[in-house]
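Reading through the structure tokens given below for one structure.
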Ligand SMILES: [Zn+2]
Ligand SMILES: [Zn+2]
């Protein structure tokens, strides 16, 4: 049976995972459970950038894959990067089991604005669907309202919906039921 598991990476708020789980079940139609385990990501901190290398976290996440787990999504409050970019909102193994998303640059506080928990949760859901979409083999979508659209600013994230467009949905359908 297909299963999405959510793994806290660092001090992820339980409410983030608690809100994501039913929303991801609604989007992908599979069970979603929150792991009690937690991954300490300190090994992936690169002091020269004061950021966490997401590719290294994804590699470490393999050890948390359960036999019945189909996709494993890490949730972290930490600032992620890959060497060719100044930051990433998340990273996924294309057509692979693991993905991670960060709330660090999705928070209104990051821009000096008052906290908005509902907006943070909404942005997090869009980015979670985006990264899980990559694990299902989806690449970036030209439809700016589709969560699979590439976005490098929160303004672009805010234009996206939470539901895959018809084309992306058709491509990913059945992936969870192979
Ligand atoms: Zn992407
Ligand atoms: Zn799409």
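Throughout, read-outs are computed from the coordinates displayed, never taken from laboratory work. Fair warning: this is a prediction, and the values are worked out from it, not measured in the lab. Cβ atoms come from the backbone with ideal geometry, glycine included; neighbour counts cover every protein chain shown.
For the range 3-139, DSSP calls about 25 percent of its internal beta bridges antiparallel. If you take the beta carbon distance between residue 159 and residue 94 as r and set R0 to 22 Å, what does 1/(1 + (r/R0)^6) give as a FRET efficiency, to the nearest 0.05? Taking R0 as 22 Å, the efficiency between residue 159 and residue 94 is 0.40. By the count of neighbouring beta-carbon atoms within 10 Å, fewest first, 111, 28, 87, 43 end up ordered 111, 43, 87, 28. Note on residue 45 and residue 142: the extension gain reaches 31.6 nm, defined as 0.36 nm multiplied by sequence separation minus the Cα-Cα distance. The mean sequence distance of close C-alpha pairs (under 8 Å, at least 6 residues apart), as a share of the length of the range 3-139, puts its relative contact order at 24 percent. For the range 71-86, backbone nitrogen atoms closer than 17 Å to the point 7 Å from residue 111 Cα along Cα-to-C-beta are found at no residue. Length available on full extension from residue 169 to residue 104: 0.36 nm per residue minus the Cα-Cα distance, which gives 20.6 nm. Neighbour counting of Cβ atoms within 10 Å sorts the residues 57, 34, fewest neighbours leading, into 34, 57.
Seen through its C-alpha gyration tensor, with square-root eigenvalues sorted a ≥ b ≥ c, the range 1-135 comes out oblate because a/c lies at 1.5 or above while a/b is not bigger than b/c. Projected label points at residue 3 and residue 30, each 7 Å from Cα along the beta carbon direction, are separated by 1.2 nanometres.
By the count of other C-beta atoms within 10 Å, a proxy for reagent exposure, 98, 141 are ordered fewest to most as 141, 98.
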